[in-house]
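A quick write-up on the structure given underneath.
The values are calculated or read from the model by the stated rules, or taken from the named source; none is laboratory data. Because the structure is a prediction, the values reported are computed rather than measured. With ideal geometry, Cβ positions are generated from the backbone for all residues, glycine too; neighbour counts draw on all protein chains shown. Heads up: the accessible areas ignore ligands, DNA and RNA and are worked out on the full protein's heavy atoms, side chains in. Shrake-Rupley method; radii C 1.70, N 1.55, O 1.52, S 1.80 Å.
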Amino acid sequence: MKLYSTVNKNETVDFRTAVMRGLAPDGGLYMPETLPEMPMTFWASLRGKSLTSKARIMFEILLEGDFSKAEIKEITDHAFTFDAPMVRLDDQASVLELFHGPTLAFKDFGARTMAAMMSVFARKEGETVTIVTATSGDTGAAVAQGFHKAPGVEVFVFYPSGQVSPLQEKQFTTLGDNITALEVDGTFDDCQRLVKACFGDDRIRQAKQLTTANSINIARLLPQMIYYIHAISEMLPAGGTGPGKDARPIVCSVPSGNFGNLTAGLMAHKMGLPVRRFIAATNVNHVVPDYLEEGRYHPKPSLRTISNAMDVGSPSNFDRMLDLYGQDHIAMSRDILGAWFDDRQTREAIVEVWERFGYLMDPHTAVGYLGCRRHTAENERGLIIATAHPAKFPETIESMLPDAIRTPDRLMAAAAGLKQSIPVQADMDAVRDVLLKN
Ligand SMILES: *Cc1c(COP(=O)(O)O)cnc(C)c1O
């Protein structure tokens, strides 16, 4: 796969370079130069296959020349270890559950795939790759769990002491092995500053091959295409006239913050995946729904909500969306409708879905549900992308539905582990010492 930067399309890089860099040196985001268009018979041929086999088939098409078939199998076997089941609510709406991974959120797919790819690169070069990442909670958990025991990769997670929820802290401090948690005496901004400073530090750079696990990395988007392909290939009408023959067009509602998840869906759509429309569903941070409606884009400071992983006022993947549509607002708004909802509507949706269907949604998924209800027509079917498990948000849910939550065992297991972190002052000398000693 060749990739260009959204800032300058003339210079292309290979896949490995794009993954190791994350962001292009000109500040742009990497995009695949071509996404081959596949015929309907191809999508139909995937029906009935497992998520892992579909991932393997798609990566063999997309990453031909970047990895051998054996390497692709190794990557997909590592990354797609949990299922993405679909749950039917009623005749109009189904939920695609992407939260059965170790941190109970869809980001596990991206983090695990990136980890497996970096392991393959590290082995080929006979060198260890060092990931440095700053977190205020979720990212650190997904990255640490995804990279845990990945051969040839070591991870340093920087987090602000006392400012991460206890459960999230456990998710990245109890693993050990190749995961080191640096508990910084400072704020999240200090952590981000220190991570940046590592890249500018000659002594660290001489000793280590540094990279980031940033969410704008193209290695996180490719695996996110797979679950759209997985779900939609299963929804295509079966041949003949049996009960599986539902030819209604499909609408995907995607609860969004940085719009990586939605962008991945658009990339699959560009390959010909039959989706009639996407719904960009947000909380009150609605700069993208505003753009879709009015054609003007105004990034803003973010507002806090109960769907906090979507509290983004300047979405990092918006440039990729523009790029996919050649900067054409009309073209984009033909494929994507925006919808946004406040916390009161989100809470009401959680209760409504529980009372009507006995199904418990987390606040992010509830925003997707509302988007689906608003923009799915009578003769269409809605697919709601469920991004997190409700047990991750006990405060919100227990205040309304005290008996609804069932906490999965793996969340309990992390909570029981022993925290191991290295306390550091928020200065570069302290950080350098730790990195060079470990
Ligand atoms: C990250 C996240 C989102 C937003 O995904 P984007 O790709 O940033 O749009 C939605 N829900 C949950 C639970 C998340 O963790």
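I need the full set of residues from the range 191-219 which are open to solvent by 10 Å² or more (accessible area, probe 1.4 Å), in contact with a Phe, Trp or Tyr (Cβ under 9 Å, 6 or more places away or on another chain) and touching a residue at least 12 places away in the same chain (Cβ under 8 Å), in order please.
192, 195, 210, 212, 216 - these are the residues of the range 191-219 that are open to solvent by 10 Å² or more (accessible area, probe 1.4 Å), in contact with a Phe, Trp or Tyr (Cβ under 9 Å, 6 or more places away or on another chain) and touching a residue at least 12 places away in the same chain (Cβ under 8 Å).
If a residue must be closer than 16 Å to residue 283 by Cα and open to solvent by 30 Å² or more (accessible area, probe 1.4 Å), how many such residues does the range 312-335 contain?
Within the range 312-335, the first condition is being closer than 16 Å to residue 283 by Cα, and the residues that meet it are 312-315.
So of that shortlist, the ones also open to solvent by 30 Å² or more (accessible area, probe 1.4 Å) come out as 314.
Summing the residues that are closer than 16 Å to residue 283 by Cα and open to solvent by 30 Å² or more (accessible area, probe 1.4 Å) in the range 312-335 gives 1.
Exactly one of these conditions fails for residue 368: (1) open to solvent by 70 Å² or more (accessible area, probe 1.4 Å); (2) part of a helix (DSSP H, G or I). Give me its number.
Only one criterion is unmet by residue 368, namely (1).
Can you tell me which of (1) in contact with a His (Cβ under 6 Å, 6 or more places away or on another chain); (2) surrounded by fewer than 24 Cβ atoms within 10 Å (Cβ to Cβ); (3) over 27 Å from residue 1 (Cβ atoms) is the one residue 275 doesn't meet?
Status for residue 275: all satisfied but (3).
Residue 133 passes all but one of (1) assigned to a strand (DSSP E or B); (2) of a type in the set (Ser, Thr, Tyr); (3) farther than 24 Å from residue 392 by Cα; which number fails?
Of everything listed in (1) assigned to a strand (DSSP E or B); (2) of a type in the set (Ser, Thr, Tyr); (3) farther than 24 Å from residue 392 by Cα, residue 133 misses just condition (3).
Does residue 72 satisfy being at pLDDT 95 or above, open to solvent by 10 Å² or more (accessible area, probe 1.4 Å) and either touching a His at 6+ places or on another chain (Cβ under 7 Å) or outside any strand (DSSP E or B) (or both)?
Working: at pLDDT 95 or above: yes; open to solvent by 10 Å² or more (accessible area, probe 1.4 Å): no; either touching a His at 6+ places or on another chain (Cβ under 7 Å) or outside any strand (DSSP E or B) (or both): yes.
So residue 72 fails the test.
Would you confirm whether or not the range 304-311 contains a residue that is part of a strand (DSSP E or B) and within 14 Å of the ligand (Cβ to nearest atom)? Spell out how you get there, then give the answer.
First pass over the range 304-311, keeping only residues part of a strand (DSSP E or B): none.
No, the conditions are met nowhere in the range 304-311.
In this structure, does residue 109 turn out to be in a helix (DSSP H, G or I) and under 17 Å from the mean Cα position of the chain (by Cα)? Can you show your working first?
Values: in a helix (DSSP H, G or I): yes; under 17 Å from the mean Cα position of the chain (by Cα): yes.
For residue 109, the condition - in a helix (DSSP H, G or I) and under 17 Å from the mean Cα position of the chain (by Cα) - is met.
Assuming residue 300 fulfils every condition listed in (1) in a loop (DSSP other than H, G, I, E, B); (2) touching a residue at least 40 places away in the same chain (Cβ under 8 Å) apart from one, which condition is it?
Result: residue 300 passes all but (2).
I'm trying to understand the selection: among the residues of the range 365-399, which are of a type outside the set (Gly, Ala, Ser), in contact with a Gly (Cβ under 8 Å, 6 or more places away or on another chain) and within 16 Å of the ligand (Cβ to nearest atom)?
Across the range 365-399, the qualifying residues are 372, 384, 385, 387.
Return the only residue of 139, 135, 128, 103 being buried (at least 21 other Cβ atoms within 10 Å of the Cβ), out of contact with any Ser or Thr (no Cβ under 9 Å at 6 or more places or on another chain) and farther than 22 Å from residue 55 by Cα.
On the way: 139 fails: out of contact with any Ser or Thr (no Cβ under 9 Å at 6 or more places or on another chain); 128 fails: buried (at least 21 other Cβ atoms within 10 Å of the Cβ); 103 fails: farther than 22 Å from residue 55 by Cα.
Of 139, 135, 128, 103, the one residue that is buried (at least 21 other Cβ atoms within 10 Å of the Cβ), out of contact with any Ser or Thr (no Cβ under 9 Å at 6 or more places or on another chain) and farther than 22 Å from residue 55 by Cα is 135.
Mind checking which pairs have a first residue in the range 173-184 that is open to solvent by 20 Å² or more (accessible area, probe 1.4 Å) and a second that is charged (D, E, K, R), Cβ under 6 Å, 6 or more apart or different chains?
What qualifies is 177/149; 178/154.
Out of the range 312-352, which residues are of a type in the set (S, T, N, Q) and within 15 Å of the ligand (Cβ to nearest atom)? Quick ask: steps written out before the conclusion?
Looking only at the range 312-352, we keep the residues that are of a type in the set (S, T, N, Q), and these are 314, 316-317, 327, 333, 345-346.
Of everything in the range 312-352, those that are of a type in the set (S, T, N, Q) and within 15 Å of the ligand (Cβ to nearest atom) turn out to be 314, 316, 317, 346.
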